[in-house]
Ligand SMILES: [Zn+2]
């Protein structure tokens, strides 16, 4: 995602690299007005549909859209590409929904390209998709002229190239025609950096939801709140000032239903920043992405079940720690598993630090050392800050395989 906040204080330029998820062909105008669009679904209705699915009736239809594609791959940092992360996380999320008989899942693309069924749809329906988009724009334009719907542009995004816009509207049209119940767009963020090789300063996730005036807004917001608390159990929220609320409304992101073009509730999740250190090692990255997918899935199920979220559910534990872990060990899955165990103990991030200061990285440095010391004190072990034999034995009692 790329935006410049309207207030010049935050001259933050985020580049979900040169790519484009927004359609600004239609010029929004600021006008006062009231709610016009009718809700496409309600929390009560969609939960009732879930109850039907639980009894073996029609399943809840989920569309997962890993952001960007080969034409426009999104952010890049060293050897890590946003498209690669989006596809890997999307694949994990698909797996979780595939094993759950209450859901019917469609993955928009994988490493081989777009889902062939959708690719055929884009090709065959190209003219209808363009007309769909035109009609939605015209509708939005005339409604805004009457003042019934207000412009609500908090954050400026960059323009989408024609082909990407058409595919994104195509996904909305397909979702409407096929009675999709929930759409999840997967992205990773980027921000202005000194140069391509240096990491940026911001970290954390942000959840974008449809503008409150849109038909799919109310349910999207409720689902987002459930996903937010699950993600925040493990991961830091974005510390970029415009994203300080964690959950942000957006009127222009096509994936969320720009110009009220999507009936289904939709979430657009920026999971982290592309340059965060946990993505540099493929082993740590894999575990991290699996954890992010699991927490997303659990948040969605929490919403449908209308339940309090559980604690301690993680994709990484139980785990076997086979070697001592100490300061300086980098990009190691044992360290990531240790950090998650310490997180479940309430000791990571260590006292006085935030999740942005001490994220889950697979890197054993000051944060992990302090947390290991706190763990050792809690279990009456020598507070060495090294996860040696006795400390690992205690970890195995609590979280071992
Ligand atoms: Zn992106």
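Readers should treat all values here as calculations from the given coordinates under stated rules, not as data from a laboratory. All figures in this text were calculated on a predicted structure; none of them were measured in a lab. Cβ placement follows ideal geometry from the backbone for every residue including glycine, while neighbour counts extend to all protein chains displayed.
At-a-glance table
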{"item": "Proxy reagent accessibility, fewest Cβ within 10 Å first, across 77, 279", "result": "77, 279"}
{"item": "Extended-chain gain in nm, criterion 0.36 nm per residue less alpha-carbon gap, residue 115 and residue 397", "result": "97.1 nm"}
{"item": "Value of relative contact order over the stretch 2-305, rounded to a whole percent, pairs C-alpha under 8 Å and six or more apart", "result": "28 percent"}
{"item": "Burial ordering of 326, 238, 266, fewest other beta-carbon atoms within 10 Å first", "result": "326, 238, 266"}
{"item": "Cα→Cβ-extended label distance, 7 Å offset, between residue 212 and residue 283, nm", "result": "4.8 nm"}
{"item": "Angle between the chain longest axis and helix 162-177 axis [Cα atoms, degrees, rounded to 10]", "result": "90 degrees"}
{"item": "Label-point gap, in nm, between residue 324 and residue 177 - each point 7 angstrom along Cα→Cβ", "result": "6.4 nm"}
{"item": "Rg [Å, one decimal], Dmax [Å, integer] - the stretch 108-192, C-alpha atoms", "result": "15.3, 46"}
{"item": "FRET efficiency, 1/(1 + (r/R0)^6) with R0 30 Å, evaluated for residue 232 and residue 381 via beta carbons", "result": "0.50"}
{"item": "Alpha-carbon centroid distance for the pair the stretch 221-284 / the stretch 128-151, whole angstrom", "result": "26 Å"}
{"item": "Pair-distance profile P(r), taking every C-alpha pair of the chain, with 20 angstrom steps and integer %", "result": "27, 55, 16, 1"}
{"item": "Principal-axis tilt of helix 333-344 within the chain, Cα atoms, nearest 10 degrees", "result": "80 degrees"}
{"item": "Helix 217-234 vs. the chain, principal-axis angle (Cα, 0 to 90°, nearest 10)", "result": "10 degrees"}
{"item": "GNM flexibility winner over the chain from 219, 76, 38 (Cα, springs under 10 Å)", "result": "38"}
{"item": "Among 265, 116, 349, residue whose mean-square fluctuation peaks in a GNM of the chain (springs only between Cα atoms under 10 Å)", "result": "116"}
{"item": "Extension gain, residue 195 back to residue 353 (0.36 nm per residue minus Cα-Cα distance, nm)", "result": "54.1 nm"}
{"item": "Choice from 239, 263, 190 with maximal GNM fluctuation in the chain (Cα, 10 Å cutoff)", "result": "239"}
{"item": "Cα gyration tensor of the stretch 333-399 - equivalent ellipsoid semi-axes, whole Å, descending", "result": "17, 12, 10"}
{"item": "Gain on full stretching of the segment that runs from residue 101 to residue 142 - 0.36 nm per residue minus C-alpha separation", "result": "10.5 nm"}
{"item": "Cα pair distances of the stretch 153-291 binned at 5 Å [whole percent]", "result": "2, 10, 18, 21, 19, 16, 11, 4, 1, 0"}
{"item": "Shape parameters for the stretch 243-376, alpha-carbon atoms, Rg then Dmax in Å", "result": "17.4, 56"}
